[in-house]
Every structure is written in C-alpha cells, then in structure tokens.
Amino acid sequence: MNKPKNCQCQRGVTPSVFDRVPAPYATDDLKCFGRLDQDTTGILLFGTDGGLQSLLTAPSSKIWKTYTARIVRSEGGENG
C-alpha cells in the first residue's frame, strides 16, 4: 500500500491505514510491517506472518533498507 499523508499506521485511530485495506484482507491478525509518521507518505507492507515481520524489521536481521526523502523549502524561509 502507498500510505497517504495524515493516515496513521496503527489500529484504533482515525484515519488508519487499516481502514483502507479491502474487506476480505482486513483480518484482526493483519499487521503493518514498519511504521511511517502520520505526515509521511510511502510504501507499507502488510501480512499475517509475525516471523516474517520480525525478520524484515528487526535490526538484528541486518537487512539493508534505503530511504529517499524530498525536502521542500518555502521561499523566504530560513533556508530559502
């Protein structure tokens, strides 16, 4: 899923990325692999395999991740 801005990566809050999962897949054991800040957009992985989630997200797995950031500056701002 491409997480939209202003959407959270947890259950029980609104709006949540889990609200966007289609009904057949929105089971209680569905987990979001990783987290993005509420104001951040980007790809999220979902699954029901806790072992795979741990493997992909635990620092001890030493799986390399690459992040790309775009910084937008307003004119006349401190850096602009």
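Key figures
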quantity: Residue that is surrounded by the most Cβ atoms within 10 Å (Cβ to Cβ), among those in region 1-54 that are of a type in the set (D, E, K, R) and in contact with a helix residue (DSSP H, G or I) (Cβ under 8 Å, 6 or more places away or on another chain); calculated: LYS3
quantity: Long-range neighbours under 9 Å by Cβ, at least six apart or interchain, first residue of a type in the set (Ser, Thr, Tyr) within region 1-24, second open to solvent by less than 40 Å² (accessible area, probe 1.4 Å); calculated: SER16/CYS7; SER16/CYS9
quantity: Any chance ALA69 is at pLDDT 90 or above, open to solvent by 60 Å² or more (accessible area, probe 1.4 Å), of a type in the set (Gly, Ala, Ser) and out of contact with any Cys (no Cβ under 9 Å at 6 or more places or on another chain); calculated: no
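Each row is one residue, and each column tells you yes or no for (1) among the aliphatic types (A, V, I, L, M); (2) within 9 Å of the chain's Cα centre (by Cα); (3) part of a strand (DSSP E or B).
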| position | (1), (2), (3) |
| --- | --- |
| ASN6 | no, no, no |
| PHE18 | no, no, no |
| PRO24 | no, no, no |
| THR40 | no, yes, no |
| LEU52 | yes, no, no |
| LEU55 | yes, no, no |
| LYS65 | no, no, no |
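The values are calculated or read from the model by the stated rules, or taken from the named source; none is laboratory data. Here the structure is a predicted model, which means the values were calculated and not measured. We place every Cβ from the backbone using ideal geometry, glycine too, and count neighbours over all the protein chains shown. Areas reflect the complete protein model, heavy atoms only, side chains present, ligands, DNA and RNA absent. Shrake-Rupley method; radii C 1.70, N 1.55, O 1.52, S 1.80 Å.
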